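Read-outs throughout are calculated quantities, based only on the coordinates presented, and are distinct from any laboratory measurement. Since this is a predicted model, take the numbers as computed values, not measurements. Quick reminder, even Gly has a Cβ in these numbers, built from the backbone with ideal geometry, and neighbours come from all protein chains shown.
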Amino acid sequence: MLIRTWWCALTSPSDDGGALRTEEFELNMGPQHPSTHGVLRMVLKMDGERVVDCDPVVGYLHRSIEKMAENRTFTQVIPVTDRLDYCTSMTSNYVYVLAVEKLADLTPPPRAEYIRVIMTELNRIASHLLWYGTFCLEIGATTPFLYSFRDREKVLDLFESACGARLLYNYIRIGGVGQDINQKFLDRMIEFLDYWEPIIPEYEALLDENPIFYNRTVGVGTVPLEMCRSYGVSGPNVRAAGVAEDVRRDDPFAVYKDLEFEIPTEKESDVFARYRVRMRELRESAKILRQCYEKIPSGPYGLPLNYRFKVPEGETYVHIESPRGDIGCFLASSGGDKPWRCKFRTPSFVHIQLFKKLLEGVLIPDIMAICASFDIVLPETDR
Amino acid sequence: MTPQEFAKHLGANYPDHQFEIDPLNENCVLIPLQLVPQCFELLRDDDATQMDYFDFSTCVDHPPDRLDLVYSMYSTVYKHRIQLKVVLDRQNPCVPTVSHLWVNANWNEREMYDLFGVFFPGHKDLRRLMMPDDWEGHPLRKDYAHPNLVVRPD
Amino acid sequence: MDGNYAYVALFLLGGAGFVCFNFSLASFVTRLVQSHRPSRTKGMAYECGEPPSGEAWVQYNVRYYLYAMLFVIFDVEAAYMIPWAAEFRKLLAELGTLMVVEMAGFLAILLLALVYAWRKGALEWT
Amino acid sequence: MTESVFFYLLSGLVLSSAWSVVRNENLFHAGLSLILCFVGVAGIYMNLDAPFLGAMQVLIYAGAIAVLLLFGFMLTHDLMKARHERNQHLAGILIPVLMALLLVGTILNAQWHASSGQPVNFGVASLARRYMQQDLVAFEMVALLLLASLMGAVVIARKEEGSRE
Amino acid sequence: MDLVTAYTGQDVALVLIMLLMLALILGFIAGSSLILIWAERKVAARIQNRVGPMMTGPRKFAEFSMWTGGLLQTAADAIKLLVKELIIPSKTDAIPFIAAPVLIVTVCVTAYIVIPFGPAFSVSDLNIGVVHVVAISSLTVLSIVMAGWSSNSKYSLLGGLRSAAQMLSYEIPLIFALLGPILLAGGLSMQKMVLAQREYGCWFLLPSLLGFLIYYVASIAEVNRPPFDIPEAESELVAGYVSEYSGMMFAMFFLAEFANMFLVCSVAATVFLGGWLVPFMPVPDNPTPVYILLGILTFFLKTSFLVFIMMWIRWTFPRVRPDHLMNLGWKYLFPLSLLNLLICAGIAVLKDVYKLNGWGISLASLGALAMVMLLLQVVRIPRPDTFLEKA
Amino acid sequence: MDLIKKIPAYVERIPNGGILMTGLDWVLNNAKASSMWYMLFGLACCAIELMATGASRYDFDRLGMIFRATPRQTDLMIVAGTLTLKMAPRVKLLYEQMPDPKYVIAMGGCTMHGGPFYHDSYSVLKGVDKIIPVDIHVAGCPPRPEALMNGCIALQDLIRGEKVGRKRDRPGLRHIDPATNLPLLVRPDTGLIRPNQIIMPDQLRVLS
Amino acid sequence: MIGLSHYLVLSALLFCLGLYGVLTRKNAIGVLMAVELMFNSVNINLMAFSHYMMDTAGLAFCVFVITVAAAEVTVGVALVLSVYRNRNMIEIDKLAELSG
């Protein structure tokens, strides 16, 4: 009877063409999940281990930074921008300050420009090290995380000696910087670089020659160039697609015109390429820092400005290169001492949109590798 | 291309309309509301402009009656960047979507819908982005009030 | 029955007893120090801070089944190979190379099975 | 005496877990009882001086077949239907009960002559010799059987998979 | 043989001895896990430029050196877990949920019966020794499936299923890798394995080096240690099948992980590294007390070394993706384990038919190894695809 | 069950029972204090400092603190960073999913009172102690790793003062200093301070 | 003392339980489980005879039966899976009704 039943069931024509009835189920990844970089939530539709559909949900860290900027004087906004992207406070300070300076038509003294470049590049190193650590953590390697943090602490020491803070600096000010740096700082910086540059190959050696790492990253999460354009991908992520696009080169701000550096690119545009680009950028930052050490002029480090100075009416948009990509600030002033509207165009906001497309059809472990490889930071997305 | 050239280029394509440089921002061209999707499509696809990269779009609230919508875009071919401004009615802000032209516009428009209450007909997925779904009001408007909002004593 | 095997039974019981003892001890201690405070929200399944959507008991991919199936087949194969391997040296003395040939035939057929599964893509995790 | 103690304990375990296998409304629990039953049967083999067979019972039945069945259950179950499912045919109860009476009656009435030959070893040594000598054909057929079943299962399982795309 | 007839009048003593053995093994498992967990944290700390637990335990020790700090850390963890509330979430299937940790520890404890800690120093030297370990350990899968299924949490279920598939896949190479030494030893009993290595004059590591590597990799996968920890991958599935376990129930899983780690390493040490055989020391036929002590020490040293390597691996490699893991198991390790069996058969023939001594066997196995390396160069077993493209 | 809860009270009544209970207190409290497993859970800026605290230079592990990803196995929730209104219900749920005994450290200004986001922010919860009971507040924006560790040590002292069989003294919001009946705050430079000393979110002083 | 008949009775009871399961279970997987019970009872039978008749044939046959059971379950569960995916249920009665 049993066999007959099965036989009948098998041979009789099925009613729906034998579609696979794997039940799709919804899986919440985040807001509290070890590898969603803070409070990103992804609502995943899963078919077993495979993602069918992904809906990134942001806003869990929406702290109304743009609203707060409207109620503070131009100077008071700077600490708020610190919190815009806490991994690279310097760049978010910088982009805002640049926007104000452009509207108010101020030109900082050359020494301040150099200090800004030094701080931005140091912060790029800190941010990339942070990225390297968390990226490794997410693909399951714990130890590189600790190595990168060990060296990141040394960068933070430098910041601390310059402005007294480890993470949120409030250092780049309108018309200059918060405090001057001295020769000792610069010497310590070079000392750090001498120590640290030989370590970069060690970071790479931990991963590069590891077949597990290759298998997990090569060919995973490929973003074709057209897709990059349509989504507005920028920074290391677009450079991994083979385009040497860098605001420092294309639209040079500060003294980047005078500095020699390469724009590292890779062709494949997969997770591995993005990793390679960032590792090579570390070296370029070191190169820039060494040039700054040679070239930094003496002189004043800022302009004397009134605390409640007024900015003429107008609107402007400036953008610079943050470690994550193209960060911009759209600033509108109504002629008072407070911004009328301050909007930040942030790279993470752009990159998170990619996930919906990229995560279709990948396995769960690839979600981690892909998400981590874009170096998203949630406060920047949510603002 | 400079903004002046942009304005001229657009004027050549749409002879019935006026294109001016925004008095507030020398890099910004004012666009009439009626032209919103077509004009953007032209900018993206025209060989002379090729604005293939959508930077961002945002709103500037000017109570009591004006709400400016600013688009910023860039051409990776010609390396020029331009802002475009559309002036909306603050009481009933409504502008056709451009999210089918650049994917990046998708979330930007959702954000504006969320924070400014601008409505984008034609947008596929117009939900709140930042605030919870049951949130009331549009926080970035100048006249927004909320019990949680403590005004800074200055 | 070989008395040694009584150890297996004893250890099975003893291990289970050990864990159960631990559980009851923990249960007692948590009540003693009043850390046993169940509540409705505490009983909710963990899903990254969201209230869980739907049942977790959903039907999964057939992929896992294919691996289990292969495992059964080769596990059974092991059941034949272990006695053979354990007696290899004695059988070698008794039967000579014949037993090697016999096992080679057995293995060849099963390797065919492996190759078949491989070619059919049963070893691919989709 | 230990043999009797173990026998009765194990029989109790086997029969009660088997009862749970056929009666339990939750199929997952039934599967778990099945494993317990398998382990009990393995104990019975040990009691019968065949430890290797017992180990194989645990390895194959409890470790592999039961997992396969549990997987089968997980992959096909539907929560609404899995609970409360049992046919209560009269025949379904009558036939087994009658059969049990018949079998037990026969067994208890029959005269079993235990062989008085010298004790044999039920370990791997005799098994290996049987495979290589007396049961050689069966041994090779087993390989064929396994191959065939694997092919069948792969074909059945993959066919559906293919029809998805 | 019947216990009563064999030990008339001594059955009480016998039962007492058995219970003592049980208590010893349970104590050993608990104690060794406590030490192993502490050691793991210290090793991890050393590898990661940290100091690891320092504040728990006598301050004097912590002041003495990094390696003596935090001795009581795991004890504190254990007591704390005792105090923690046991949560049984409302929608779980309670019976399997509680039974899963019970089963996993029970299985592990039972497998310890046959481990030869020293000459004549195992709980009971069952004559199916190796098979006993393998068969009993195969029940671990069930525990994990039960834990994953009954938790009624998606992360648990995904972890449980993944883990089951992984353990099933790696059990096969594991068994087949053990077949080589079984064949060489000509028996299944663990003590016999050790004695056979004395008879051969060399550890089975040499004749079946391939087997050792396969066994070691497969056993890492079996005990779900990184880089094969996909079932409980922290960054993916939160905590996999233990996501919903708290307090003592979680502690049991934790205990079982480390006890299992010690178990697989001690099996490897016995089967491949000569167990309690002291290197460079002739083994007396009737071991003297000194030799027994030395043997136990040797056994623990060998096992600890293997455990240390496992920890080292854990903190070094990224996690393997499940599909690559399956590829590795089925397409790479399994065929290689058959090859290993072939080599072992050859060595056994050399030993029995050509009466080679230890040196001869070592030489022959090195030769076989060279052949295998050559073979692997010629016949490329398809590796996970992408690596080849890049390389 | 109620009987078990009364055991400590009965034991203390028998002669020398108090010593027994004190010994038990000592063992349990020291175990709890030396093994605080915290939830891997970062909200904002402070999360980076939390990570740094776990990393090589500061090394949480030396206090016996390791992270667990699931709330079921954690004792301590370090609320690191700004808590928004959208996130608040999730944090509350996570807190409730932790098994007792559980502790909370509010790290950074945002978690105390909204920090720099106190004014003009419509979406930030002004103090996590509005939704979950907080044991220790660590000031700073973000607090330095040393400050966080100091906060953890203060929490350890708090735990060591507990008594078996009594509900933990946690009257709603902040932990109360028994000496002054005022809430306790922890700062790295001055140690424990009282909140009537005004704490400015220290990054907010601007150039004038 | 435990004799052959004890084992035989155990095996008979186990067999009948299996039969009961096969006849009453609706779910195909449940039926498979019951079939496994019957296999086991046969194995106990074989092993008991083997033990009391001092012959290793029963032992060898037990292993063969285990093999057959493994093959049966492999194919059986595969069939159940495929039936399930075609019909989204595996209740034997209804399947028989459907196929007429």
Q | Label point distance in nm, C:VAL115-B:GLN38, each placed 7 Å from Cα along Cα→Cβ | A | 6.9 nm
Q: State the answer as a single residue: which of G:TYR20, B:VAL77, C:VAL101 lies farthest towards the positive end of the charge dipole of the protein assembly as shown, with beta carbon charges of +1 for Lys and Arg and -1 for Asp and Glu, about the Cα centre.
A: G:TYR20
Q: Rounded to the nearest 500, what is the 222 nm mean residue ellipticity of chain E from helices alone, with -39500 (n - 2.57) per DSSP H run of 4+ residues and division by all residues?
A: -22000 deg cm²/dmol
**Q.** In order through region D:56-72: 3J(HN,Hα) via Karplus (6.51 cos²θ - 1.76 cosθ + 1.60), integer Hz, x for Gly, Pro
**A.** 5, 4, 5, 5, 8, 6, 6, x, 10, 5, 5, 5, 4, 5, 4, 4, x
Q: Report the label-to-label distance for B:GLU20 and A:LYS45 in nanometres (one decimal), using points 7 Å from each Cα along the Cα→Cβ vector.
A: 4.9 nm
**Q.** Dipole in debye (nearest 20) - the protein assembly as shown, about Cα centre, beta carbon charges: Lys, Arg +1; Asp, Glu -1
**A.** 2620 debye
Q | Separation between Cα centres of region C:17-34 and region A:34-81, rounded to whole Å | A | 43 Å
(Q) Based on alpha-carbon centroids, what's the gap between region F:1-24 and region A:199-238 in Å, whole number please? (A) 61 Å
Q. Got a sec? Charge dipole of chain E, +1 on Cβ for Lys and Arg, -1 for Asp and Glu; which of E:MET371, E:GLY129, E:TYR215 is way out at the positive end?
A. E:MET371
Q: Calculate the dipole size of region E:1-137 relative to its Cα centre from +1 charges on Lys and Arg beta carbons and -1 charges on Asp and Glu beta carbons; express the result in debye to the nearest 20.
A: 820 debye
Q: Divide the volume of the convex hull of the Cα atoms of the protein assembly as shown by its number of residues and quote the answer in cubic angstrom per residue.
A: 203 Å³
Q) What is the set of long-range amide H partners of A:ARG173 at a cut-off below 5 Å, with H atoms built 1.01 Å from backbone N? A) A:GLY178
Q | Pair B:ASP45, B:LYS8: separation of 7 Å Cα→Cβ label points (nm) | A | 2.5 nm
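Kindly state, to the nearest 0.05, the FRET efficiency for F:ALA9 paired with C:PHE28, given R0 = 25 Å and r defined as their beta-carbon distance. Before the final figure, lay out the partial values.
Values: r = 16 Å, r/R0 = 0.65.
Result of the calculation: an efficiency of 0.95.
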(Q) Using alpha carbons only, how many angstrom separate the centre of region C:76-92 from the centre of region E:86-121? (A) 30 Å
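Taking the DSSP beta bridges in the protein assembly as shown as the whole, what percent of them are antiparallel, to the nearest 5? Don't jump to the answer; show the numbers that get you there.
On the way: 58 of 77 bridges.
Expressed as a percentage, antiparallel bridges in the protein assembly as shown total about 75.
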Q | Given charges at Cβ of Lys, Arg, Asp, Glu: region A:36-90 dipole, positive-most of A:VAL39, A:VAL80, A:PRO56 | A | A:VAL80
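Once R0 is set to 35 Å, what does the formula 1/(1 + (r/R0)^6) return for the Cβ-Cβ distance between E:SER65 and A:GLU204, expressed as a FRET efficiency to the nearest 0.05? Present the calculation step by step, with values, prior to reporting the outcome.
Numbers: r = 33 Å, r/R0 = 0.94.
It comes out at approximately 0.60.
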Q. What lysines sit close enough to A:LYS287 to cross-link, taking a C-alpha to C-alpha distance under 16 Å and skipping anything fewer than 8 places away on the same chain?
A. A:LYS257, A:LYS295
Q. Between A:ALA244 and A:LYS356, what length in nm is gained on full extension when 0.36 nm per residue of separation is reduced by their alpha carbon distance?
A. 37.7 nm
Q. Please identify the chymotrypsin sites (Phe, Trp or Tyr not before Pro) of region A:257-336 that satisfy two criteria: DSSP loop assignment and at most 12 other Cβ atoms within 10 Å. Which are they?
A. A:TYR307
Q. Considering amide H positions built from the backbone, and no H for Pro or chain starts, which residues 5 or more places from B:LEU88, or on another chain, come under 5 Å of its amide H?
A. B:LEU67, B:ASP68, B:LEU69
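Counting other Cβ atoms within 10 Å of each Cβ, which chymotrypsin sites (Phe, Trp or Tyr not before Pro) in region E:272-343 have at most 16 and sit in a DSSP loop? Kindly include the intermediate steps, with their values, before the conclusion.
On the way: sites: E:PHE272, E:TRP276, E:PHE280, E:TYR291, E:PHE299, E:PHE300, E:PHE305, E:PHE308, E:TRP312, E:TRP315, E:TRP330, E:TYR332; in loops: E:TRP276, E:PHE280, E:TRP315.
The qualifying sites are E:PHE280.
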Q | Size of charge dipole - chain A - debye, nearest 20, with Cβ of Lys, Arg +1 and Asp, Glu -1, no other charges | A | 940 debye
Q) How about E:LYS351: which lysines have a C-alpha closer than 22 Å to its C-alpha, ignoring those fewer than 8 places off in the same chain? A) C:LYS90, E:LYS192
(Q) If you filter region E:107-165 for chymotrypsin sites (Phe, Trp or Tyr not before Pro), then keep DSSP loop positions with at most 15 other Cβ within 10 Å, what is left? (A) none
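Longest span of chain E, sites excluded, free of trypsin sites (Lys or Arg not before Pro) in DSSP loop with at most 11 other C-beta atoms within 10 Å?
Answer - E:1-354.
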Q: Find the all-direction average of the projected area of the Cα convex hull for chain A, expressing the result in square nanometres with one decimal place.
A: 22.8 nm²
Q. Along the Cα-to-C-beta direction of A:ASP105, a point sits 7 Å from the Cα; which residues of region A:307-322 have their amide N less than 14 Å from that point?
A. A:311-315
